Amino acid sequence: MKVGGKVITSRLIFLCLGSKPFAPPINGLKETGFLTSDTVLKLERLPKRLGVIGGSYIGLEYGHFFSAMGSEVTVVEMMPRILPMEEPEISSVAEKVMGKYMNIFTNKRVVEVKKEGNSKLMVAEDLTSGERSVFEVDEVLVATGRAPNTDILKPEKGGIEVDSKGWIITNEYLETSQPGVYAFGDANGKYLFKHVANYESMVVYYNAVLNKRIKVDYHAVPHAVFTYPEIASVGLREKDAIKKYGEENVLIGLARYEDTAKGEAMGVKDYFVKVILRKDSREILGAHIIGPYASILIQEIVNLMYTSDKTYTPILRGMHIHPALSEVVERAFFNLMEPSQYHHVIREHFHWI
């Protein structure tokens, strides 16, 4: 490995390059100036009006933060819904609630950013009608994903293969195409979460240092969105489960927060736990939660998905403290139904979805 004019040699090399914010080629963006997740917290003065390009995890988390601090936040997302990687009903509830404290616009692409006096203007085009809207803000935060750092390191010069986007290619042991060189965390572009990097570092330690052959297991990678409301997911979405196993072999469980004693006491509405199971084996395929403490509630399910049979039996047999919010997870597994019935129930309970 060459650093400056010095060549460093080692029996083992770990590539932990992280990633960087991706900024799309928007006319005038660079000239006008913008913030990213790497720079936004370096602001010394709270912007009165913050424009956010991107309505997924990073954009909504920072939108929530600045809204809570007192900024007027406008989020522009080009997809038909915010959080496009989440279940549609999760996105729908999130947009309904977040829309109370942020201005959210979907199906619009920002095509230009320009300066006007002390303000910045975001020009967005509706992807259906072509109609243009102009949003006047003080600062623009770009939250449109992450990009690899391999353009700096240039690992391909050392014979290390990268994919078409620049992420380092690794096998199931997190080895690169060069012996003794491993890549983990954002560098391999698989799952850009800190907890995944923590897990991968353990796999690399066992394989590289202890000479084991441990394969990575990504079948139940959890994630959370730290907004209000909080969101957490793990495993397959409904459409992916149906595509893989067939609708006739999928069951869905549903429980609303408000139908538990704790949820009623908290006065929360419209929040729920959705679980997805394989009908023939009772294997947990996925879970999706929106509501308070979602990131904590989902851990019980994540842990079961890493057991040998991956079933929900321990949840049914174990006692859940009453009145605790964990009862909403238990109730979801007691309330299983066919996908068609689930969507009927969803429409009845959440008529605006």
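The values are calculated or read from the model by the stated rules, or taken from the named source; none is laboratory data. Please read these numbers as outputs of a predicted model, since none were measured by experiment. A quick note on method: Cβ atoms are made from the backbone with ideal geometry, for glycine too, and the neighbour counts reach across all protein chains shown.
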For this session: Identify, from the list 229, 179, the residue that is buried (at least 19 other Cβ atoms within 10 Å of the Cβ) and assigned to a loop (DSSP other than H, G, I, E, B).
Result: 229
For this session: Give the number of residues within segment 189-205 that are over 18 Å from residue 58 (Cβ atoms) and exposed (fewer than 14 other Cβ atoms within 10 Å of the Cβ).
Result: 2
Exercise. Name the pairs whose Cβ atoms lie under 6 Å apart, with the first residue in segment 185-196 and among the aliphatic types (A, V, I, L, M) and modelled with pLDDT of 95 or more, the second part of a helix (DSSP H, G or I) and surrounded by 16 or more Cβ atoms within 10 Å (Cβ to Cβ), and 6 or more positions between them or separate chains?
Worked result: 192/186
Problem set entry | One residue from 71, 19, 67 being over 26 Å from residue 192 (Cα atoms) and hydroxyl-bearing (Ser, Thr, Tyr) | 71
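Residues that are small (Gly, Ala, Ser) and out of contact with any strand residue (DSSP E or B) (no Cβ under 7 Å at 6 or more places or on another chain), at least 2 per element: which helices (runs of 4 or more DSSP H) completely within segment 240-335 meet that?
Working: elements: 261-266, 294-297, 299-305, 313-317, 327-334.
Those helices (runs of 4 or more DSSP H) span 261-266.
Hey, which of the strands (runs of 3 or more DSSP E) in segment 48-164, taking only ones fully inside, have at least 3 residues that are assigned by TED's automatic domain parsing to the domain that holds residue 230 and either free of Cβ contacts under 8 Å to residues at least 40 places away in the same chain or touching a Leu at 6+ places or on another chain (Cβ under 6 Å) (or both)?
Details: elements: 49-53, 72-76, 103-105, 108-116, 119-126, 132-137, 139-142, 146-148.
Filter on segment 48-164 gives an empty set.
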For this session: May I ask you to list pairs of residues, at least six apart or on different chains, whose Cβ atoms are under 6 Å apart, with the first in segment 279-308 being closer than 26 Å to residue 97 by Cα and the second being of a type in the set (Ser, Thr, Tyr) and modelled with pLDDT of 95 or more?
Result: 288/233; 290/271; 291/257; 291/271
